[in-house]
Amino acid sequence: MQNLFTKSYRAELFRERLQQAMKESGSNQSHLSREAGVDRSTISQLIKSDGPRLPNAHLIAQCASVLGVSADWLLGITDKKESAADLLAASMSMTEASRALIDEQIFQWHQEAAGYKIRHVPAGLPDMLKTSAMLEWEYAPALGRSTTQAIKDSESRLELMRRSRSDYEIAVPLHDLRAFAHAEGYYSGLPLQTRLEQIDRMREITTEHYPSLRLCLFDARRLYSAPVTIFGPLLAVIYLGQNYLAFRDLKRVDAITAHFDTLVREAEVPSRDLPKCLKSLRAEIL
């Protein structure tokens, strides 16, 4: 709960913090008055006065802007000096996303979150469950001649992720899995044998590692989701295609986590029924 200060205490705290901010920023009364657009005597009065009165909101905002702190901090409303814009910039970042299997940034985030629950909505099928043949078919157009080495390197990292202490929960749109099984849309031209091996691989891994690895299928007509990964309470990352949009502030991480939990709760095929669903899909395409 926010502290309810008396006027005199808040005014005293304002003066103390104003002087502290001036000292830490290397500013003086002349500089602050010039940059804030007021007389030097006005700044002097703010510092030396021992009365309960505070300056108007405009002057407080001007001083805060010049000194690089937040007006709320000057007034004792918060203990965070940073402005709202600075806090937002620190809590959100945009990182380049290469067309690769497991790039350096993704791998670092997984290592950082080791031991935490990782929630994931992939852009297609989960890379960590794919066969070599599936990876080669999907990534060869982007990786060119380096495909074989890239797959070899990435499989090593995928194996490390699978063997980590993290609990994985994955949500995939049901229509995407069906499109894959029937070689439709994005998966057009995918050989039957590759599809069959991939279905068997998914069934094998999800069965072997259940319940530490759970994969459910949701109906995207009822609940849509962009590709997103939530690394425990630390970080939530939305995949944009050429970039990752990463959030570290608790409020946004919690909101994205709640969105993911809704996908799981409303899943068309819960994780315990996935093996049966994969078996049915396999039978359909034979």
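The residues neighbouring residue 169, those whose beta-carbon lies less than 11 Å from its own, together hold a net charge of +1 under the Lys/Arg +1, Asp/Glu -1 convention.
Report note on the peptides 6-17, 224-235: ranked by the mean count of other C-beta atoms within 10 Å, highest first, their order is 224-235, 6-17. For trypsin sites (Lys or Arg not before Pro), the sites in segment 233-286 that DSSP calls loop and that have at most 16 other Cβ atoms within 10 Å are 248.
Out of segment 49-82, which trypsin sites (Lys or Arg not before Pro) are coil in DSSP terms and have no more than 13 other C-beta atoms within 10 Å? Qualifying residues, ordered by number: 53, 80.
Given R0 = 51 Å, the distance between the Cβ atoms of residue 148 and residue 79 translates into a calculated FRET efficiency of 0.40.
Principal axis extents of the Cα atoms in segment 93-285, from largest to smallest and rounded to whole angstrom, are 45, 40, 29.
Give 130/251; 7/48; 130/279 a once-over and call out the pairs whose C-alpha atoms are over 23 Å from each other.
On the way: 130/251 33 Å; 7/48 16 Å; 130/279 17 Å.
In this structure, 130/251 lie more than 23 Å apart at Cα.
Seen from residue 223, the other residues with C-beta closer than 12 Å to its C-beta sum to a net charge of -1, counting Lys and Arg as +1 and Asp and Glu as -1. A full extension of the chain between residue 175 and residue 111 corresponds to an added length of 19.9 nm, given 0.36 nm per residue minus the alpha carbon distance.
Coordinate-derived values only; no laboratory data. Treat the numbers as computed from the prediction; the structure is a model and nothing was measured. Glycine also receives a Cβ, built like all others from the backbone with ideal geometry; neighbour counts cover every protein chain displayed.
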